[in-house]
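Only the coordinates and a few stated rules stand behind these numbers; no lab work does. Treat the numbers as computed from the prediction; the structure is a model and nothing was measured. Note that we place each Cβ from the backbone using ideal geometry, even for glycine, and neighbour counts take in every protein chain shown.
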Amino acid sequence: MNSREWVLAALRHEVPDRLPVDLGAMRSTGITALAYRRLKEHLGIADGDIYVYDTGQQLAVVESPIMDLFGLDVVPLDLDQLLGWQPYTLPDGHPARIVAGFTTETAPDGSLYQLEDGRRVRYRPPTGLYFDRIYYPLAEATAPADLDPFPLQSYSDGELILLRDRARYLYQNTDYAIMGNFGGSILEAGQGLRGWEQFMIDLARGGPFLEALLEKLTEVHLADLARYLDAVGPYVQIIVMVDDLGTQQGLQISPQMYRRRIKPCHTRIYGYVRQHYPEIYVFLHSCGSIYPLIPDLIEAGVQILNPVQISAAGMDPVRLKREFGADLTFWGGGCDTQHTLPRGTPEEVAAEVKRLLDIVAPGGGYVFNQVHNIQADVPPENVVAMLETARSY
């Protein structure tokens, strides 16, 4: 078997002859550029640049030498990795490359603003590592008509050609499983367009504006999804949807609110993939304590759950595997990135990985990934211990 076959066997809930392992195939279970630079230095890998493809989270492209060394099995199909690169300096002063078109403005106190069309849209404090959103384009909208002129983002024909060509190349020339990073968010999209507080008020208040916004988001996603899958559907095995629904201690919104406002949108989006491309698996990234919604997510069409935040309330891996292991593939939950990975010893990391794999890997339906991104303060020795333990499981 090869990497693609191992991953597909796990997704079919079969037991592959080795555990499939992922690092960095999607934007929230990867590795930050600072941690990646330290990992390369620790491993003595001097070749290649550090490529920062997610500007907000400052995530690095995982290069072939790292994939080969640790036997990684999944590659991303991510548009930002196909648009070219420009010089960049990491927060620690090391040179790198970042996606073309990334523009910043430096404030007198040393903070940075990311610019789009001359407007400040994200902010990095003087001692910060990441760029946080500060601009919400629909914050002042009040009526459905306010949505009409607003061009919610969609793929251009040129972007779809880039994605198609890259997907076809990966399918024909590698044995990796290919993960299409689509998105399709509803709750997160509303928060990004309106601001968190205002969108929560919108959800609670209801009314014509909210209904129009949710409908427009869903219709844009469905239109994009049809064109996207027409371009890359023959080549990808997994399609990534993203919608964070949880916090550390509970849900962002009640189950009733989810079922009334968000689930119908999810069902239409995920259902399109399940109906028209049944060979492609629907992958949902949703952080935090989301246990009460997992049955709803399965009903909506989710087949793969990530990042499996085992440190959040109610996300006990034993219970998750027992109650949902027949219906979901768990993609993540292999090592706690809040505590063990940054604070433990390599031996403690290896022991936790082994303990968790003994819970979630038996019977198939599991792909190894740590919980969320590897942050800048994680010792490279711990990254090595984690990946080597997973690879040899």
| request: May I ask you to derive the FRET efficiency for V318 and Q86 from their Cβ-Cβ distance with R0 = 56 Å, giving the value to the nearest 0.05? | output: 0.75
| remark: Of all stretches in the chain that avoid GluC sites (Glu not before Pro) placed in a DSSP loop and having at most 10 other Cβ atoms within 10 Å, the longest is 1-139
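Would you mind calculating the gained length between A107 and D148 on full extension (0.36 nm times residue separation, minus the Cα-Cα distance), in nm to one decimal?
Difference between extended and current length: 11.3 nm.
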| query | Tell me, what HN-Hα J-couplings in whole Hz come from the Karplus equation 6.51 cos²θ - 1.76 cosθ + 1.60 at θ = phi - 60° for each residue of segment 24-33, using x for Gly and Pro? | reply | x, 6, 10, 7, 10, 9, x, 9, 5, 4
| query | To the nearest 20 debye, what is the magnitude of the charge dipole of the chain about its Cα centre, counting +1 on the Cβ of each Lys and Arg and -1 on the Cβ of each Asp and Glu? | reply | 520
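Per-residue ellipticity at 222 nm for the chain, helices alone: DSSP H runs ≥ 4 residues times -39500 (n - 2.57), over residue total, nearest 500 deg cm²/dmol?
Values: 13 runs with 147 residues, N = 393.
That calculation yields -11500 deg cm²/dmol at 222 nm.
Roughly how many debye, to the nearest 20, is the charge dipole of segment 238-330 about its Cα centre, given +1 on each Lys and Arg Cβ, -1 on each Asp and Glu Cβ, and no other charges? Can you show the working numbers first?
Values: 9 positive and 8 negative charges, 47 e Å.
In debye, rounded to 20, segment 238-330 gives about 220.
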| For I374, residues with placed amide H under 5 Å, excluding near neighbours | G30, I31, T32
| said: List the residues, sorted by chain then number, that are 5 or more residues from I238 or on another chain and whose placed amide H is less than 5 Å from its amide H. | reply: I178, G180, Y281
| request: For segment 288-305, take each phi angle, set θ = phi - 60°, evaluate the Karplus expression 6.51 cos²θ - 1.76 cosθ + 1.60, and give the result in whole Hz per residue in order, putting x for glycine and proline. | output: x, 8, 10, 3, x, 9, 4, x, 5, 5, 4, 4, 6, x, 6, 10, 10, 10
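To the nearest 20 debye, what charge dipole does segment 2-49 have about its Cα centre, counting +1 at the Cβ of each Lys and Arg and -1 at the Cβ of each Asp and Glu?
On the way: 7 positive and 7 negative charges, 33 e Å.
It works out to roughly 160 debye.
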| query | Tell me which lysines have Cα within less than 27 Å of K263's Cα, excluding those fewer than 8 residues away on the same chain? | reply | K216, K321
| said: Cut-off 19 Å, label point 7 angstrom out along Cα-to-Cβ of Q275: give me the residues of segment 169-185 whose amide nitrogen falls inside. | reply: 184-185
| Expressed in nm to one decimal, what extension gain is obtained for the pair E348 and N173 from 0.36 nm per residue of sequence separation less their Cα-Cα distance? | 59.2 nm
| message | Quick check: pseudo-label points 7 Å beyond the Cα along Cα→Cβ at W196 and R259, how many nm apart are they? | response | 2.7
| remark: Amide H contacts under 5 Å for D54, restricted to residues at least 5 apart in sequence or on another chain and with H modeled in the peptide plane, are L59
| task | For the chain, just say rounded, prolate or oblate: build the C-alpha gyration tensor, square-root its eigenvalues into a ≥ b ≥ c, call rounded for a/c under 1.5, and beyond that prolate if a/b exceeds b/c, oblate if not. | result | rounded
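Can you give the extra length, in nm with one decimal, that the chain gains between A226 and A46 once fully stretched, where that is 0.36 nm per residue apart less the Cα-Cα distance?
Numbers: separation 180, 0.36 × 180 = 64.80 nm, distance 4.17 nm.
The span from A226 to A46 would gain 60.6 nm if fully extended.
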| field | Note, ³J(HN,Hα) from phi for segment 188-198, Karplus 6.51, -1.76, 1.60, rounded to Hz, x at Gly and Pro | value | 5, 5, x, 5, x, 8, 9, x, 4, 4, 5
